[in-house]
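The values are calculated or read from the model by the stated rules, or taken from the named source; none is laboratory data. Quick caveat, the model's predicted, so the values are computed rather than measured. No Cβ is skipped: glycine too gets one built from the backbone with ideal geometry, and neighbour counts run over all protein chains shown.
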There are 2 protein chains.
Amino acid sequence: MTDPEALRALPRRCLPHLAEELRQELIDLGAEIGGHFAGSLGTVELAIALHYVFDTPRDRLVWDVGHQAYGHKALTGRCQALRRVKRADGPSGFLRRCESPYDAFGAGHAGTSVSAALGMAEAARRGGRDVRAVAVIGDGGATAGMAFEGLNHAGHLGSDLKVVFNDNDMSIAPTVGGLSRSTSPRGCFESLGLRYGGPVDGHDLEALIPALEWLRDARGPSVLHVRTHKGKGFVPAERDPYGWHATTPFDASSGARNAGPSAPSWTGAFAEALGRLMAREPRAVAITAAMPDGTGLDQVARRFPERVYDVGIAEQHAVTFAAGLAAEGWLPVCAIYSTFLQRAFDQILHDVALQRLPVIFALDRAGLVGPDGPTHHGVFDLAYLRIIPELAVAAPRDERDLARLLATAVRAQRPFALRFPRGAAPGAEPEADPAPLELGRGEALRPGDDVALVGIGKTVETAFAASDGLREAGIAAAVLDARFAKPVDEGLLVEAALRSGRVVTIEDHVASGGLGGAVLELLARAVPEAQVLVCGLPDRFVDHGDAAAQWREAGIDAASVIERTRRWLQS
Amino acid sequence: MTDPEALRALPRRCLPHLAEELRQELIDLGAEIGGHFAGSLGTVELAIALHYVFDTPRDRLVWDVGHQAYGHKALTGRCQALRRVKRADGPSGFLRRCESPYDAFGAGHAGTSVSAALGMAEAARRGGRDVRAVAVIGDGGATAGMAFEGLNHAGHLGSDLKVVFNDNDMSIAPTVGGLSRSTSPRGCFESLGLRYGGPVDGHDLEALIPALEWLRDARGPSVLHVRTHKGKGFVPAERDPYGWHATTPFDASSGARNAGPSAPSWTGAFAEALGRLMAREPRAVAITAAMPDGTGLDQVARRFPERVYDVGIAEQHAVTFAAGLAAEGWLPVCAIYSTFLQRAFDQILHDVALQRLPVIFALDRAGLVGPDGPTHHGVFDLAYLRIIPELAVAAPRDERDLARLLATAVRAQRPFALRFPRGAAPGAEPEADPAPLELGRGEALRPGDDVALVGIGKTVETAFAASDGLREAGIAAAVLDARFAKPVDEGLLVEAALRSGRVVTIEDHVASGGLGGAVLELLARAVPEAQVLVCGLPDRFVDHGDAAAQWREAGIDAASVIERTRRWLQS
């Protein structure tokens, strides 16, 4: 690969060859290591043309999300490094300012590029600098409301924002929404006060380059509509761009993919439990914000196609839409990754909890997610949800518990959030007809008089392992499953605190405001002489890498908890 | 006033007379008690026509925000009650499901109506019920991204959602955005897959009623564009709808208004401090999300018209736009009410803090806001902000401190949030050239060996008053200003905890996860034998009413703190 400076020195006729090379590089990379795949194949020519036409990194290129930016990374000096993408010693799978001057703005969540680029366009205008700011946003990303907010403001300001609307009819799944199906989004952009150019074939460099030159030289906020094909140039991915959005390693000639991990996943367990719930509860409907596969709702939709909504990358709308359904007696289950539900914090509070509407939130990818890194860790949810009145907040420790908690949520007839992690579940077969649990009831799982280890969700396993280790050191550590971060099981926790006077909380969550916070607040009132050690993530963002290493470094794996508890008990 | 059933029995020719009556009623009400005013004058005919054409409450009428719904309230049996609006014994200033069956969905924050009504339309379709769902959204409310998300999903679903687009060119201030200025938003709505009707004169019942009948009978998602004048029928408000959005009581014949409270307000102090900051710091720019008056940025804009951005009701965009500016070396100050910043939780985390960009957040209306009630209390901010790595979170106790903290934020070159309450500030004259404070440094304000009272922001005053009261009971209570909820002043708090062993935290914020949580987490590590009493709001939503009464009922006024501390020390 070349670098953008060298790229711009090439004669235009050489670019198709470069595109061929880059595409083959991306296919080889995907075949070897898997990962996000089809999106970047669709933007090979676009990435080349953008760097060819714009004076990067002086001109600011703001890619939305980042799934589609591997080509951009390869073109900006990170071709070799991509073999280690998402590993602790490699580049991020998304965009990061600290990684390259060519990554003008970090990304990971969708829909931010227009706002960021508009800020940069205004910065250039204010500074009197002849620097261009370009947002590259997909039709999927453009379903996020904040993109609309940014476009509306751009139309108002009239600044020289440049938007490339990368229209491939896909988010991860097919794009939701009127805009993506309309023969032309021109009317919408023009209504907002933007100049509209296109559509142009995003794989035809002869057409694309002059179109981008038009965009570069346009005055006022302008959008170029580029049509691309997700998966372009790799036949299996062209045929099934949804299935090839992300992939395991594969055979580049046949497209045969290595089997994924066969262990039962939390996502699968949730889909299974939700399917059973929907079978017995006709009022239940399910909602995803453009993640039918990631949340398991695609499985549910196969069984109940009329009862699953994909609302687009629109978490805010997802939650208030659910509230509208709940207000009329339906039972909506919003399945949204923990990190993406942050987008709907206000709607959970204002539209669901304040009206005490029975909406169930299922937060997948809670805790540290490993390779996807800091934009995707779900490590704030216990804290931001626990402060909301009326909302119950729970985490199952295994699949059986998950099914029971779903049944509990249905019976509770109130706002209810469940979080569970990425990856493999323990393998506890759920009951055919799970009985609801008592709201706010945890469980004492192992007795022990010296100290009580309190886990929630995945960290119950950690508590068991730590208890085993402490036993070898002659310390009798009780194991408790808090299960609910709200309401916490006061009886259970008070009894444990009274028994040993020492409580250790363990959570795959920041150490502020989560389970530890809940236990501290309770015991300050109820057992003030008890002492509490909070094991949670330190107050910093956790980079991408291996999840087990992340747990270790954060001090929440069993070995760390053992060591910290021992030292603490001796102090 | 009549009720909707009786209204629908009237001959159409009587409606203009009813409109005249209703308008006069609203003018009399405003003259007598003040409050939100111009919005409802603009929807007199619309409210009548909606109840005339639709079979309310069977048909679901979802008003956005609620500022404009006083006419609707009067028409639905709450005419007399409106004299007590926003008082504890009267109706809400917004919409509440628990208040009336005609309030199909609660409101307060903007942009939620489309999503909620779409949920209701789907509920009707699922249930096979011939019930219509109507969202009434202003061109201001429609600048909120979630409204776009809802419209986009509606176009995709094709369900019978009905939208009244109440176009008056105003949010509270003039509406921001391309859409509001375009000669027709038709293109945008049609691109999204909605049928478009109008525009129709929203004050001409002869035109409005057939248009709403068209909307009622339309199949598929449809929007009726209605043009109205905010303040219609009261000449001073027609001339200055922005100035009359909300009002103090006035003389109905002359329009002469009673003077507002003359005490210096926190908002004014912020505007003053920000103006001075911008005078000495050329990189500083200010951003409001459609609240130039409420945040005091209108004052700043008079001095620096080119350095204040109004982005529309678009908190998400506001924050990421600020991040884009900050990435290029500018120093943006986002002035957003505490309750509305909830909308941008994810953007603060993902776009600002993760990239450690120096964006300053100024949260006005933090704490209990009194009459505006549960949709508007800013009582979650310490908790949802404190968990975000890299972000500093502070609250000034007076105007001098506010100016110093702004200077501190500028020097800190990192994400920084300041919160301050609604209403009158103590009156401490700020310095002409305020010196930055040390980051994370609180202040010991009064010594005392029996117990330490820790306040933050407004509750420092409460701590002083409580200390005075406790002294009379022979208890020597130290007073501390924590100032920072993050990073907390470890040295100060540890020393106080070591001295007396007893610490009382006081905050106008939920008792979970805020200042109390921060102190508990610190002392659990540093002084585990210390005991802490957390005085904050109980875990329930606080209704509208008098702010002082709300403090009393929540147990965070000085008398309650004295009583609680005495009992706690004796226990």
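Annotations
- Positions within the range A:337-367 being of a type in the set (D, E, K, R) and in contact (Cβ under 8 Å) with a residue 40 or more places away in the chain, in sequence order: A:343, A:356, A:364, A:365
- Filter result for residue B:20 (surrounded by fewer than 19 Cβ atoms within 10 Å (Cβ to Cβ) and either assigned to a helix (DSSP H, G or I) or at positive phi (or both)): yes
- Residue check for residue A:100: part of a helix (DSSP H, G or I) and polar (S, T, N, Q): no
- Members of the range B:46-69 found to be touching a residue at least 60 places away in the same chain (Cβ under 8 Å) and closer than 21 Å to residue B:199 by Cα, listed by number: B:46, B:48, B:49, B:50, B:52, B:53, B:54, B:61, B:62, B:63, B:64, B:68
- For the condition at the interface with chain A (Cβ under 8 Å from one of its Cβ atoms), free of Cβ contacts under 8 Å to residues at least 40 places away in the same chain and crowded, with 24+ Cβ neighbours inside 10 Å, residue B:322 qualifies.
- Count - residues of the range B:259-293 that are in a loop (DSSP other than H, G, I, E, B), at negative phi and either within 24 Å of the chain's Cα centre (by Cα) or aromatic (Phe, Trp, Tyr) (or both): 10
- Taking the range A:387-400 as the range and being facing chain B (nearest Cβ under 7 Å) and acidic (Asp, Glu) as the test, no residue passes.
- Qualifying residue in the range B:191-200 (condition: away from chain A (no Cβ under 14 Å), touching a residue at least 24 places away in the same chain (Cβ under 8 Å) and either in a helix (DSSP H, G or I) or closer than 20 Å to residue B:40 by Cα (or both)): yes
- For the range B:517-571, a tally of residues being under 28 Å from residue B:93 (Cα atoms) and not polar (S, T, N, Q) returns 21.
- Against the list (1) in contact with a strand residue (DSSP E or B) (Cβ under 7 Å, 6 or more places away or on another chain); (2) in contact (Cβ under 8 Å) with a residue 60 or more places away in the chain; (3) farther than 22 Å from residue A:95 by Cα, the condition residue A:334 fails is (2).
- Sole exception among (1) modelled with pLDDT under 95; (2) in a loop (DSSP other than H, G, I, E, B); (3) over 29 Å from residue B:283 (Cα atoms) for residue A:203, by number: (1)
- First in the range A:89-112 and within 11 Å of chain B (Cβ to nearest Cβ), second anywhere and basic (Lys, Arg) and not in a loop (DSSP other than H, G, I, E, B), Cβ under 8 Å, 6 or more apart: A:104/A:60; A:105/A:60; A:109/A:343
- Only one of the numbered conditions (1) in a helix (DSSP H, G or I); (2) crowded, with 24+ Cβ neighbours inside 10 Å is violated by residue A:187, and that is (2).
- In the range A:350-366, of all residues being touching a His at 6+ places or on another chain (Cβ under 9 Å) and either of a type in the set (A, V, I, L, M) or within 12 Å of chain B (Cβ to nearest Cβ) (or both), the one that is farthest from residue B:116 (Cα to Cα) corresponds to A:366.
- Test for residue A:227: is it surrounded by fewer than 24 Cβ atoms within 10 Å (Cβ to Cβ), touching an Asp or Glu at 6+ places or on another chain (Cβ under 8 Å) and on the phi < 0 side of the Ramachandran plot: yes
- Flag for residue B:500 being of a type in the set (Ser, Thr, Tyr), over 30 Å from residue B:406 (Cβ atoms) and surrounded by fewer than 16 Cβ atoms within 10 Å (Cβ to Cβ): no
- Residue ID - nearest to the other protein chains (Cβ to nearest Cβ), chosen from residues in the range A:119-146 that are touching a residue at least 40 places away in the same chain (Cβ under 8 Å) and within 14 Å of residue B:145 (Cβ to Cβ): A:145
- Any hit, the range A:162-180, residues being facing chain B (nearest Cβ under 7 Å), in a loop (DSSP other than H, G, I, E, B) and touching a Gly at 6+ places or on another chain (Cβ under 9 Å): yes
- Residue in the range B:416-433 that is within 14 Å of another protein chain (Cβ to nearest Cβ) and part of a loop (DSSP other than H, G, I, E, B) present: no
- Test: residue in the range A:306-316 that is touching a residue at least 24 places away in the same chain (Cβ under 8 Å) and away from chain B (no Cβ under 13 Å): no
- Qualifying residue in the range B:367-386 (condition: closer than 30 Å to residue B:432 by Cβ, β-branched (Val, Ile, Thr) and more than 10 Å from chain A (Cβ to nearest Cβ)): no
- Residues satisfying the stated conditions in the range B:298-319, i.e. assigned to a helix (DSSP H, G or I), among the aliphatic types (A, V, I, L, M) and buried (at least 24 other Cβ atoms within 10 Å of the Cβ): B:300, B:318, B:319
- Restricting attention to the range B:138-168, the residues that are on the phi > 0 side of the Ramachandran plot and touching a helix residue (DSSP H, G or I) at 6+ places or on another chain (Cβ under 6 Å) total 0.
- Residues that are part of a strand (DSSP E or B) and within 15 Å of residue A:132 (Cα to Cα), drawn from the range A:206-238: A:222, A:223, A:224
- Residues in the range A:35-91 that are of a type in the set (Phe, Trp, Tyr) and in a helix (DSSP H, G or I) were compared, and the one that is surrounded by the fewest Cβ atoms within 10 Å (Cβ to Cβ) is A:52.
- Residue-level check: of (1) within 24 Å of residue A:212 (Cα to Cα); (2) free of Cβ contacts under 8 Å to residues at least 40 places away in the same chain; (3) part of a loop (DSSP other than H, G, I, E, B); (4) hydrophobic (A, V, I, L, M, F, W, C), residue A:6 misses just (3).
- Selection of helices (runs of 4 or more DSSP H) fully inside the range B:455-564 by the criterion of at least 1 residues being more than 10 Å from chain A (Cβ to nearest Cβ) and more than 33 Å from the chain's Cα centre (by Cα) returns B:459-472, B:490-500, B:515-526.
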